[in-house]
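Working notes, beginning with the structure itself.
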Amino acid sequence: MSERNMGAAVGQVPEYVEMVTRWCKQNTRMPVIVKLTPNITNILMPARAALRGGADAVSLINTIQSVIGVDLDQMAPMPVVDGQGTHGGYCGPAVKPIALRMIGDIAREPDTAGLPISGIGGIGSWRDAAEFLAMGATTLQVCTAAMHYGFRIVEDMKDGLCAWMDHKGYATINDVTGRAVRQFVPWNQLNMKFRTIASIDQDACIKCGLCHIACEDTSHQAIAKSRVDGERHYEVIDEECVGCNLCAHVCPIDDCITMQPQPVEGRLTWPEHPDNPARVTVGS
């Protein structure tokens, strides 16, 4: 069944997935791997359905429905076909963060944790491959990178992955697979006492001011601007910094701005936080 037809009855997607998976399992001796679409709110719904249908594994993600742009002369979505356009499938490096999140969702959920996952979506280097494995993928697929560089890119990934594994002391792929899943938690389980503060290396700073602009206009006004010996000078206001990391992202110099963890005592998550109107009191 096509993704388009399934999307027309999104409420019935799990039933379709389970039904088609079961049909396939009943009519072949080959392993059945169900490819999951990211164009859905909760990736666990079709993953669980595939598992109920007897799937040997799932693969994800498929492409993301999107429109790449609009031809403003023809006033039609691109690419224009005889004066009209439609959506297409977005893929490549840009979808990697979405793929990693969805793979992690399946890998950490108790009822789907043992389901083999073939990871897809923006794998173009050995580091990408390692990250997908760490988030729970058991095998990997490469398409866009091969289109750009040919199949040889896979050999480069293998060499890089092997060198990294040797350096880290990982003997097999199984030693890497799922290693980051335990640390992948729902947002409300993060320690809200944890705090980092930006620090600017004045020797590396080129005085471009991008950190100040970003923080002043769109964040917490935590970077002071002044002149020292006739030159522009930027300094973090520690008590105002919330550790958002925006300044480090916009800085053009590697490691000029770093985030420094601050000493904290204890741990506090959102369910127990005093500001949470539905907070859970310890011992209740």
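The values are calculated or read from the model by the stated rules, or taken from the named source; none is laboratory data. Being a predicted model, the structure only gives us computed values, none of them experimental. Glycine also receives a Cβ, built like all others from the backbone with ideal geometry; neighbour counts cover every protein chain displayed.
A residue that is touching a helix residue (DSSP H, G or I) at 6+ places or on another chain (Cβ under 6 Å), part of a helix (DSSP H, G or I) and in the same structural domain as Met45 (by TED's automatic domain parsing) cannot be found anywhere in region 112-125.
With a cut-off of at least 3 residues that are surrounded by 16 or more Cβ atoms within 10 Å (Cβ to Cβ), name the strands (runs of 3 or more DSSP E) lying wholly within region 36-92.
Values: elements: 57-60, 64-66, 88-90.
It comes to 57-60.
Suppose we filter Arg279, Arg227 for residues that are outside any loop (DSSP other than H, G, I, E, B), at pLDDT below 95 and on the phi < 0 side of the Ramachandran plot; which single one remains?
Exactly one of Arg279, Arg227 is outside any loop (DSSP other than H, G, I, E, B), at pLDDT below 95 and on the phi < 0 side of the Ramachandran plot, namely Arg227.
If you go through region 141-183 and keep only what is touching a Ser or Thr at 6+ places or on another chain (Cβ under 7 Å) and either crowded, with 18+ Cβ neighbours inside 10 Å or outside the structural domain of Asn62 (by TED's automatic domain parsing) (or both), you end up with Met157, Thr177. Selection within region 192-220: residues that are within 32 Å of the chain's Cα centre (by Cα) and loosely packed, with under 12 Cβ neighbours inside 10 Å. The member of this set that is nearest to Thr269 (Cα to Cα) is Thr218. Screening Pro186 with (1) within 20 Å of Thr112 (Cα to Cα); (2) of a type outside the set (D, E, K, R); (3) surrounded by 13 or more Cβ atoms within 10 Å (Cβ to Cβ) gives one miss only, at (3). Consider region 256-284 and keep the residues that are under 15 Å from Asp201 (Cα atoms) and in contact with a helix residue (DSSP H, G or I) (Cβ under 9 Å, 6 or more places away or on another chain). The one that is surrounded by the most Cβ atoms within 10 Å (Cβ to Cβ) is Ile257.
Anything in region 63-107 that is of a type in the set (D, E, K, R) and either in contact with a strand residue (DSSP E or B) (Cβ under 8 Å, 6 or more places away or on another chain) or modelled with pLDDT under 95 (or both)? List them, or say none. Asp71, the sole residue that qualifies.
When you look at Gly54, is it out of contact with any Ser or Thr (no Cβ under 9 Å at 6 or more places or on another chain) and of a type in the set (Gly, Ala, Ser), yes or no? When the stated conditions are applied, Gly54 does not pass them. When region 126-140 is examined, which residues are found to be buried (at least 16 other Cβ atoms within 10 Å of the Cβ) and in a helix (DSSP H, G or I)? Trp126, Asp128, Ala129, Ala130, Glu131, Phe132, Leu133, Ala134, listed by residue number.
Taking every residue in region 96-116 that is touching a residue at least 24 places away in the same chain (Cβ under 8 Å) and closer than 14 Å to Ala134 by Cα and pairing it with any residue that is surrounded by fewer than 23 Cβ atoms within 10 Å (Cβ to Cβ) and among the polar types (S, T, N, Q), at least 6 positions away or on another chain, the pairs with Cβ-Cβ distances below 7 Å are Ile106/Thr112; Pro116/Thr138. Can Ile197 be described as of a type in the set (Val, Ile, Thr) and assigned to a strand (DSSP E or B)? It is true that Ile197 is of a type in the set (Val, Ile, Thr) and assigned to a strand (DSSP E or B). Can you find a residue in region 185-196 that is in contact with a strand residue (DSSP E or B) (Cβ under 7 Å, 6 or more places away or on another chain) and modelled with pLDDT of 95 or more? There is at least one residue in region 185-196 that is in contact with a strand residue (DSSP E or B) (Cβ under 7 Å, 6 or more places away or on another chain) and modelled with pLDDT of 95 or more.
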